[in-house]
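*Asks:* Quick one: structure below, then a few questions.
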Amino acid sequence: MAEFDNTKRAIGVGKLDDSARKDMFNKFVSAGGEVIKEKPEPKEDESKKNRPDPKIRQSTVSRGGGNDGRSRGQGSGSSSRERDSKAGSDSKSNVDLKAEYEKEISNFMARFSVKLKCWMGRVTPFGSSDLNPGFMHELSTKAKQALIECHYSGNEILGNPTHSPTLSANLDKINPLLVELIAMTQKLYNGPEITDITEPILAAPNSPVGIERIKPQIYSLFKRMYVLYPYQETLKKSFLQAYDELQKLENKPALIYATKKKKITSEIDTLFDTFFEKLYLVVIRAENKNIPLISRYMESLLDIKPEDRPGQRKVGENVPGGVDPKAKAEEAKKEAEEEKKNEEKEPVSLSKEEAYGLRLMQMYSIPKLRKKFDPRNEYNFIPDTDKAMLSLFYFKEFDDEYSFVMTTKKIDLKPVQLNGVKVDYRQKMLDIYESTRTITDQFKIYLDVMKELQKHKANPGANYIEASKKLTSIEQKRTGQSRTVRLAVKDFALKSRDILLELIKDMKSKKEIVGNMNDLITLDAMESRKRLNKKPIKQCIMEAYCYTLALHDRVESGDLYGGLVELTPEQLKESFGVEAPVESGENISVEESGLEPQTSALEEKKSAPSSVEVSSEGNEDLEDLEHVDHDDDDILPEGNPF
């Protein structure tokens, strides 16, 4: 307080009377001065404050029925109630915070922001959650190629039984995380999952794809990429270091590995710089919530656990996701045992309709199918066992012999009311038939892939490594496109089967749709060669239905189904009665080919088959459909093969 004393002496406060002091005080206050206490309030003596309370001697004699015990009980009860209320309030506050956060990310502005992001990212339209065809095409080409490249590179590094153990040990000396990241990148590609994602856009190239249709597959892929997202640079370094180590072990020119390094680095950038963000937009559009990319909410949504993240592997442990030769051998052994069991199983009994449809399909051998649907021999470089080509031939057989049922005006199809809605079956069948253009378009793409494969085999080039890599890439394209062709055929056969079945059910019951089911159909001069010419309309519908039923089942789960692009020798013998396929490169005539079916009675008789082998149960219903019993019914064609 020395400053105040000096100020008081300078202005002569001690010489002023009371009135002068009061006037000076008022001037100071009016000018903005504040009153400050010169002396602070006396603080409590620390010694007194910290002094313990004096102990008071209490009587040990209980007086008045235990009031002390009751007060202690009340005290302990109140403290426990306080703790419980505090815990309850904490949990309640957490629930409130979670609800508030949920409300924040799903309010109007958040949903508007999500729609705007997806529209600007060209993932979905602004007013719809359906995925744009352009985005889906990029996903089915660029993203798929990047995933395949990551799988190929990871398999080359970790799946080589000769060099992988040494290479993994060398990488472990640097950091065990390197091997783990490569293995997790290798697992990004999941063949069936990618097929499910790309199937809708390949079947309908110009149509948007419903987000719910591929939501589980997108979430699964995004989850695997999400845990790798923070490790992008380390991931690139892992592959670069791995290829350096592989070069030391293989002693091959550095140029080979430089190309591989450049390729894998580019594909990793494509995945994480382009498609990761777009997959994130798909996720928040599916949830319709503006979820931050890096957040606990997102991790909870994707069900990411600590063991899913990198960093779990230790030095010398098995490579997660890598190819273990012992496991691979055991898996092959199990597959061989399963195949043996399947061979030992009794043949599956067929419904009468499917058995009849199969007999219709077996009327032509492979050479006769070629002669009928490839008269110019444009597919001579495609092997006879090719599933895509056979599926196309069988579709063309239906188009040539049976499709008039769906397009002709000579069948009187009357509109009906179903649940208050008018249904025009003629228009529905025309719409289904119009979708057949997809089959021919997809097969043209497959034909281009096969030509590319033939050209590469004829001139692979001097660089063996690059030639082998390119061959693998083309074969993968062939596999994917073959599946696309067969899926298009299956989709058409399924829709045709279902609508023809509705006509059959109506002919057996209400007879409202087909007005002239008993009339004979007489085709024009150009179509008079068809085997159903001058047959009752009910027979034409029935035989078309049987054919589509058999075609769908063969592509769905029969010999034309599966990841292999060609029939196995066993499937060829079972379906066509021949021992071995003929090489398409050899110019062998139909008569010399020896591919006539062993049961050639059908070939001598191109009319409807007169008998068919069916299951022992004579009254089998249609499998997986609205079952219709055809026994003792006048809809079945004359000369009933059943």
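Readers should treat all values here as calculations from the given coordinates under stated rules, not as data from a laboratory. Being a predicted model, the structure only gives us computed values, none of them experimental. Reconstructed Cβ throughout: ideal geometry from the backbone, glycine too, with neighbour counts over all protein chains shown.
*Asks:* Shape verdict for region 345-409, please, from the Cα gyration tensor: rounded (a/c under 1.5), prolate (a/b greater than b/c) or oblate.
*Replies:* The shape class here is oblate.
*Asks:* Another question, if that's okay. Filter the cross-link list LYS289/LYS477; LYS278/LYS490; LYS409/LYS535 down to pairs whose alpha-carbon distance in this structure exceeds 26 Å.
*Replies:* Working: LYS289/LYS477 37 Å; LYS278/LYS490 31 Å; LYS409/LYS535 16 Å.
Over 26 Å Cα-Cα: LYS289/LYS477; LYS278/LYS490.
*Asks:* Using the Cβ atoms and a cut-off under 10 Å, what net charge is assigned to the surroundings of LEU567, where Lys and Arg are +1 and Asp and Glu are -1?
*Replies:* -4
*Asks:* Please tell me which of these pairs span more than 22 angstrom C-alpha to C-alpha: LYS215/LYS444; LYS142/LYS260; LYS236/LYS262; LYS142/LYS495; LYS223/LYS469?
*Replies:* Pairs exceeding the cut-off: LYS215/LYS444; LYS142/LYS495; LYS223/LYS469.
*Asks:* To continue, here is another question. Largest first and in whole Å, give the semi-axes of region 347-586's equivalent ellipsoid, each being the square root of 5 times a Cα gyration tensor eigenvalue.
*Replies:* For region 347-586, the semi-axes come out at 38, 18, 17 Å.
*Asks:* Apply the a/c threshold of 1.5 to the C-alpha gyration tensor of region 443-587 and tell me whether it is rounded, prolate or oblate. Before the final figure, lay out each step's value.
*Replies:* Values: a/c = 2.83, a/b = 2.51, b/c = 1.12.
Here region 443-587 falls in the prolate category.
*Asks:* For ASP17, ASP506, ASP384, what ranking results if the residue with the fewest other Cβ atoms within 10 Å of its Cβ goes first?
*Replies:* Neighbour counts put them in this order, fewest first: ASP17, ASP506, ASP384.
*Asks:* By average Cβ neighbour count within 10 Å, what is the ranking of 168-179, 536-547 from highest down?
*Replies:* Ranking, from highest mean packing down: 536-547, 168-179.
*Asks:* Could you give the C-alpha radius of gyration of region 116-325 expressed as a fraction of 2.2 N^0.38 Å, taking N as the number of residues it contains? Write down the numbers at each step before the final one.
*Replies:* Details: Rg = 18.2 Å, N = 210, 2.2 N^0.38 = 16.8 Å.
Scaled against compact globular proteins, the figure is 1.09.
*Asks:* Determine, for LEU131, LEU494, the number of other Cβ atoms within 10 Å of each Cβ, and report the residues in order from fewest to most.
*Replies:* Least crowded to most crowded, the residues run LEU494, LEU131.
*Asks:* Give me VAL29, VAL209 ranked fewest to most by other Cβ atoms within 10 Å of their Cβ, as a rough exposure proxy. Provide the component values of the computation, followed by the final result.
*Replies:* On the way: VAL29 11, VAL209 22.
Least crowded to most crowded, the residues run VAL29, VAL209.
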